[in-house]
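All remarks here apply to the structure that follows.
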Amino acid sequence: MYKCESCDYSSSKWFGRCPGCGEWNTFSEEVVEEYRKEESPLLFKLPEIDIKEEERIKSGISEFDSVLGGGIVLGSLVLIGGDPGIGKSTLLLQASGELAKEHKVLYVSGEESASQIKIRADRLNTSSEGLYISSYNNITHILDQIEKIDVKVIVIDSIQAIYHPSLPSAPGTVSQIKVCTSFLSGIAKKRNIPIFIVGHVTKEGSIAGPKLLEHMVDTVLYFEGDKNHIFRILRAYKNRFGSTNEIGVFLMEEKGLSEVKNPSLAFLSERPKGASGSVVSCTIEGSRPILIEIQALATPTIYGMARRDTLGVNYNRILLLLAVLEKRMGYNLSTYDLFVNIAGGIGSSEPAIDLGICSAIVSSFKEKPIDEKIALVGEVGLSGEIRGISNVEKRIEEALKLGFSSCFLPKSNLDKIKEKQIELIGVSNIKETFSVLFP
Ligand code: TYD
Ligand code: MG
């Protein structure tokens with residue numbers, strides 16, 4: 001059979017372009033085995049099933065443990081995806097180093113040689129006795145090593161680089177990924193060993209190879225961030241053993257990743273004082289409120305067409321908010337070049353930061369700074385109205401924690417809030433907001 005590597009479409013004929021997903025050059029040959037009848041499985045009556053608490057071990061990196069739902073579940077298969085160079089190998093090597101203080105860890109690298117890993121480990125200052133490095137691509141070797149040393153945790157870096165000798169196809173093809181993953185899943189479940197699998201991400205942002213890889217594992221984590229910035233976010237997309245609302249925040253520095261216990265403080269640390277166009281808003285990442293600095297710069301256009309550029313915020317959302325500001329406030333922004341940026345390389349597509357964005361734009365446009373002790377949250381509608389948002393209480397608490405003295409929020413959210421230590425200013429439209437902000 002021929003199979004498409006991006007969508008799993010199969011056919012007995014080769015295609016240059018996949019009829020399923022429209023991708024070019026994705027077909028590869030695959031040997032299909034006949035279906036074999038297996039023993040019939042055991043049946044259980046629901047009330048009679050014993051519940052076992054999952055056994056967990058701690059990795060020693062608390063942000064990592066919390067994203068996993070409170071530690072690593074024994075026997076679980078965890079996939080970690082992310083752009084090349086974002087820090088997946090670094091994260092797992094650091095976690096392995098910590099884990100190896102108490103358990104034997106096998107780190108299988110199909111991409112880097114053992115000495116390359118040693119160099120990296122030295123830089124990261126991880127040199128535990130219990131950490132075993134192996135660089136081979138044949139996945140079945142893993143069995144010998146599990147026998148030889150009493151392995152408690154396995155890391156596979158990466159699933160695209162290894163192969164199973166029972167298949168003739170090259171590493172990284174759909175069939176290889178499928179077979180290797182189910183082979184690993186068998187080991188994890190049978191021997192109660194947690195296995196971490198690194199998966200590369202394609203241009204479009206999904207894990208290279210079939211989507212089905214995500215179905216085959218218990219937990220899918222994505223490691224995200226802007227490579228040019230130091231912040232990294234570890235996010236759970238699927239977790240059979242915990243919530244997907246947790247995120248972990250890290251800094252990528254000279255000596256590897258370090259945990260960020262207070263992201264708001266980190267993202268606001270370099271905020272300029274008394275500058276126009278700088279505003280603080282609060283976004284929710286997972287279940288965690290994070291204060292962010294929104295920066296806007298409006299400068300008169302020199303050449304006919306005004307330029308708009310954004311970093312960390314949705315470009316089309318900015319165009320929409322600009323149209324609202326022009327129409328409802330009467331500002332002539334079409335003769336201004338406009339740049340909007342969320343400082344620190346964190347992005348947010350939450351409408352709850354609309355009011356912050358609008359205020360930053362107007363602050364720069366009018367050259368009037370906004371008091372640095374003010375935070376603003378609220379969604380802006382097309383008529384300039386400020387619409388209610390979710391999790392207001394959490395956001396306000398976060399602002400209070402970081403020493404903000406007042407917070408602008410949607411009027412409709414105001415009466416549900418009990419917090420009294422911070423001045424709350426309920427606003428119902430942008431005109432009202434700006435008359436208070438820029439008297
Ligand atoms: P890596 O973990 O190799 O990424 P991935 O496995 O996701 O492809 O990370 C490589 C990047 O991280 C590289 O560009 C350099 C940077 N880095 C640091 O900034 N500090 C460090 O201590 C290490 C090990 C890497
Ligand atoms: Mg890597």
Point to revise | Conditions (1) of a type in the set (S, T, Y); (2) touching a strand residue (DSSP E or B) at 6+ places or on another chain (Cβ under 8 Å); (3) over 30 Å from G248 (Cβ atoms): number failed by Y331 | key: (2)
Review point. Out of the range 393-414, which residues are open to solvent by 40 Å² or more (accessible area, probe 1.4 Å) and in contact with a Cys (Cβ under 9 Å, 6 or more places away or on another chain)?
Key: K394, L400
Practice item. Taking L93 as the residue in question, decide whether it is touching a residue at least 12 places away in the same chain (Cβ under 8 Å), within 16 Å of ligand 1 (Cβ to nearest atom) and over 17 Å from the mean Cα position of the chain (by Cα). Key: yes
**Study point:** Boolean, V324 is over 27 Å from D226 (Cα atoms) and of a type in the set (V, I, T)
**Key:** yes
Study note, to complete from the structure: For the range 337-353, the count of residues that are open to solvent by less than 40 Å² (accessible area, probe 1.4 Å) and assigned to a strand (DSSP E or B) equals 4
Review point. Is it the case that the range 109-126 has a residue that's of a type in the set (A, V, I, L, M, F, W, C), within 25 Å of D226 (Cβ to Cβ), within 16 Å of ligand 2 (Cβ to nearest atom) and out of contact with any Lys or Arg (no Cβ under 9 Å at 6 or more places or on another chain)?
Key: no
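Looking at the structure I just gave you, is S76 hydroxyl-bearing (S, T, Y) and within 16 Å of ligand 1 (Cβ to nearest atom)?
no
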Check your understanding: Would you pick out the residues in the range 1-34 that are open to solvent by less than 100 Å² (accessible area, probe 1.4 Å) and charged (D, E, K, R)?
Key -> K3, E5, D8, E23, E30
Review point. Cβ-Cβ below 9 Å, separation at least six or inter-chain, first residue in the range 232-256 and acidic (D, E), second part of a strand (DSSP E or B): which pairs?
Key: E246/L234; E246/R235; E246/A236; E246/N239; E246/R288
Exercise for review: Keeping to the range 140-174, report how many residues are within 28 Å of the chain's Cα centre (by Cα) and away from ligand 1 (no atom under 16 Å from the Cβ).
Suggested key: 7
Practice item. Quickly run through the range 184-207 and pick out the residues that are within 16 Å of V78 (Cβ to Cβ), open to solvent by less than 40 Å² (accessible area, probe 1.4 Å) and away from ligand 2 (no atom under 13 Å from the Cβ). Key: L184, S185, G186, I187, A188, I193, P194, I195, I207
Review point. Applying the selection to the range 214-230, what residues are modelled with pLDDT of 90 or more and either within 16 Å of ligand 1 (Cβ to nearest atom) or closer than 25 Å to T126 by Cα (or both)?
Key: V220, L221, Y222, F223
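Among strands (runs of 3 or more DSSP E) lying entirely in the range 171-290, which contain 2 or more residues that are closer than 30 Å to V392 by Cβ?
Here the list reads 219-225, 231-239, 247-253, 278-285.
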Point to revise | Cβ pairs under 9 Å, 6+ apart, first in the range 147-158 and free of Cβ contacts under 8 Å to residues at least 40 places away in the same chain, second part of a helix (DSSP H, G or I) | key: none
Practice item. Would you mind telling me which numbered condition in (1) open to solvent by less than 60 Å² (accessible area, probe 1.4 Å); (2) in a loop (DSSP other than H, G, I, E, B) Y303 fails? Key: (1)
**Study point:** Sole residue being open to solvent by less than 10 Å² (accessible area, probe 1.4 Å), of a type in the set (A, V, I, L, M), in contact with a Ser or Thr (Cβ under 8 Å, 6 or more places away or on another chain) and over 19 Å from L74 (Cα atoms), chosen from V174, V153, V179
**Key:** V174
Point to revise | Listing of strands (runs of 3 or more DSSP E) fully contained in the range 35-143 that carry 1 or more residues being open to solvent by 60 Å² or more (accessible area, probe 1.4 Å) | key: 131-134
Exercise for review: Look through the range 318-333, keep the residues that are without any contact (Cβ under 8 Å) to a residue 40 or more places away in the chain and in contact with a Ser or Thr (Cβ under 8 Å, 6 or more places away or on another chain), and return whichever of them is most open to solvent (accessible area, probe 1.4 Å).
Suggested key: E326
**Study point:** Residue identified as over 18 Å from A236 (Cα atoms) and more than 15 Å from ligand 2 (Cβ to nearest atom) among V78, V67, V105
**Key:** V105
Point to revise | Verdict on D50 being of a type outside the set (S, T, Y), more than 26 Å from I142 (Cβ to Cβ) and within 16 Å of ligand 1 (Cβ to nearest atom) | key: no
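The values are calculated or read from the model by the stated rules, or taken from the named source; none is laboratory data. Bear in mind the structure is a predicted one, so any value in this text is a computation, not a measurement. Here Cβ is always computed from backbone atoms with ideal geometry, including for glycine, and neighbour counts include all displayed protein chains. Side chains included, ligands, DNA and RNA excluded: accessible areas come from the protein's heavy atoms. Shrake-Rupley method; radii C 1.70, N 1.55, O 1.52, S 1.80 Å.
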